[in-house]
Amino acid sequence: MRERAIARLTSEVLGGAREFLAGEGFVELLPVVLAPVTDPLRTVPDRIVVSAYGQEWHLTRSMIFHKQAAVRVLPKIFTFSPNIRLEAAERAQTGRHLFEFIQLDLEVRHATREEVMDLGERLIVHVLERVRERCAAELRALGRRLPRWAPPFPRVAWSAAVARYGEEFEAALSQESGTPVWVVDFPIHAREFYDREDPHRPGFLVDMDLVYPEGYGEALSGGEREYLRPRIEKRIRAQGLDPAAFAPYLALAEEGLYPSAGFGIGVERWIRFLGGLSHIQETRLFPRVPGWPVRL
Ligand code: AMP
Ligand code: MG
């Protein structure tokens, strides 16, 4: 039964990720669902805001600001963070978009992009091998033969990916690649204000995406972060946003943030890839696909 096989595979992914990150010295935090400020995500303009106790609360779109705050307390943190993103209904057709999903979101104080890319490769291979070892029956039931990967994964600069495939390179790059592939150095306009601008290459960011092979598309996004208040405020203004809307975050930056790097990997997309599933809705017993009816 597919549902049962996928649920067991999911449990191995969560267990494998926790096991790997504990071995790397990470501490797991509980997630935040309601917050006074959340990820601006200009590509997903609609948002859910609720009023309670005389103030407004955003449903979490990502825990980026909370991660930066958390590495003030602990050097290596992760959380399985529920994200609500009101994706356009057309995105139901991509097979990759839910409007409620879970990110394994992690952050490391004083880390570089190189260090978190290395960590990401080892995490993904660890989970792949654990699933291969413990889910043989489930993989058979799903008709999935898992690939074998040896890091480091190849890298392509954002500008080279665009030159080859155009701005919407994700699908073509994913189709053509036999292994996961890193896309690095996005231009400043393509991302949110919190990714760190490269001091040696103004206009480009010290960030990255990882794209799955076999057409499964983006796996994770991350990078180094801006952490100095004046720079954050400048970046907010440059994107036409109002710094007042980010007051709690800017207040924290005023007190002092550490340099850090991290990434967020979509858990349902990970399961979709490992299970060889054609649509992400199969990864959840209670999927939230934009525009589709729900049973429960
Ligand atoms: P982002 O930082 O916006 O790239 O989100 C981090 C990761 O979450 C992405 O790399 C995806 O794996 C996953 N993700 C983002 N949006 C969605 C969505 N609408 N449905 C499922 N997974 C998503
Ligand atoms: Mg992304």
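The values are calculated or read from the model by the stated rules, or taken from the named source; none is laboratory data. Nothing here was measured: the structure is a model prediction, and the numbers come from that model. Here the Cβ positions follow ideal geometry from the backbone for every residue, glycine too, while neighbour counts run over all protein chains shown. Ligands, DNA and RNA are excluded from the accessible area calculation, which covers all protein heavy atoms including side chains. Shrake-Rupley method; radii C 1.70, N 1.55, O 1.52, S 1.80 Å.
Of note:
- Within the range 70-88, tally of residues that are buried (at least 20 other Cβ atoms within 10 Å of the Cβ), under 23 Å from residue 50 (Cβ atoms) and touching a residue at least 60 places away in the same chain (Cβ under 8 Å): 2
- Taking every residue in the range 33-46 that is within 16 Å of residue 103 (Cβ to Cβ) and at pLDDT below 95 and pairing it with any residue that is hydroxyl-bearing (Ser, Thr, Tyr) and within 16 Å of ligand 2 (Cβ to nearest atom), at least 6 positions away or on another chain, yields no pair with a Cβ-Cβ distance below 9 Å.
- Residue 109 in contact with a strand residue (DSSP E or B) (Cβ under 7 Å, 6 or more places away or on another chain) and within 18 Å of residue 269 (Cα to Cα): no
- Residue check for residue 277: out of contact with any Lys or Arg (no Cβ under 8 Å at 6 or more places or on another chain), surrounded by 12 or more Cβ atoms within 10 Å (Cβ to Cβ) and within 22 Å of residue 99 (Cβ to Cβ): yes
- Verdict on residue 224 being at positive phi, away from ligand 1 (no atom under 11 Å from the Cβ) and touching a residue at least 40 places away in the same chain (Cβ under 8 Å): no
- A search for C-beta distances below 9 Å between a residue of the range 255-279 that is touching a residue at least 12 places away in the same chain (Cβ under 8 Å) and polar (S, T, N, Q) and any residue that is assigned to a loop (DSSP other than H, G, I, E, B) and within 13 Å of ligand 1 (Cβ to nearest atom), counting only pairs 6+ apart in sequence or on different chains, returns 278/95.
- Cβ pairs under 8 Å, 6+ apart, first in the range 100-121 and on the phi > 0 side of the Ramachandran plot, second part of a strand (DSSP E or B): 110/260
- Residues satisfying the stated conditions in the range 238-266, i.e. crowded, with 21+ Cβ neighbours inside 10 Å and either within 15 Å of ligand 1 (Cβ to nearest atom) or of a type outside the set (A, V, I, L, M) (or both): 246, 249, 260, 261, 262, 263, 264, 265, 266
- Residue 227 farther than 20 Å from residue 269 by Cβ and among the aromatic types (Phe, Trp, Tyr): yes
- Against the numbered list (1) in contact (Cβ under 8 Å) with a residue 24 or more places away in the chain; (2) open to solvent by less than 50 Å² (accessible area, probe 1.4 Å), residue 91 comes up short only at (2).
- Positions within the range 190-221 being hydrophobic (A, V, I, L, M, F, W, C) and more than 10 Å from ligand 1 (Cβ to nearest atom), in sequence order: 190, 193, 204, 205, 206, 208
- Residues satisfying the stated conditions in the range 1-10, i.e. open to solvent by 70 Å² or more (accessible area, probe 1.4 Å) and either assigned to a helix (DSSP H, G or I) or in contact with an Asp or Glu (Cβ under 8 Å, 6 or more places away or on another chain) (or both): 2, 3, 4, 8
- Annotation note: Cβ proximity below 8 Å between a residue of the range 140-168 that is touching a residue at least 12 places away in the same chain (Cβ under 8 Å) and a residue that is open to solvent by less than 90 Å² (accessible area, probe 1.4 Å) and of a type in the set (Ser, Thr, Tyr) (sequence gap 6+ or interchain) occurs for 147/179; 149/179; 153/179; 154/177; 154/179.
- Selection from the range 181-221 of residues that are in contact with a Lys or Arg (Cβ under 7 Å, 6 or more places away or on another chain) and on the phi > 0 side of the Ramachandran plot: 217
- Residue check for residue 222: touching a Ser or Thr at 6+ places or on another chain (Cβ under 7 Å) and within 15 Å of ligand 2 (Cβ to nearest atom): no
- Number of the condition not met by residue 269 [criteria: (1) among the charged types (D, E, K, R); (2) closer than 29 Å to residue 211 by Cα; (3) in contact with a Pro (Cβ under 9 Å, 6 or more places away or on another chain); (4) open to solvent by 40 Å² or more (accessible area, probe 1.4 Å)]: (3)
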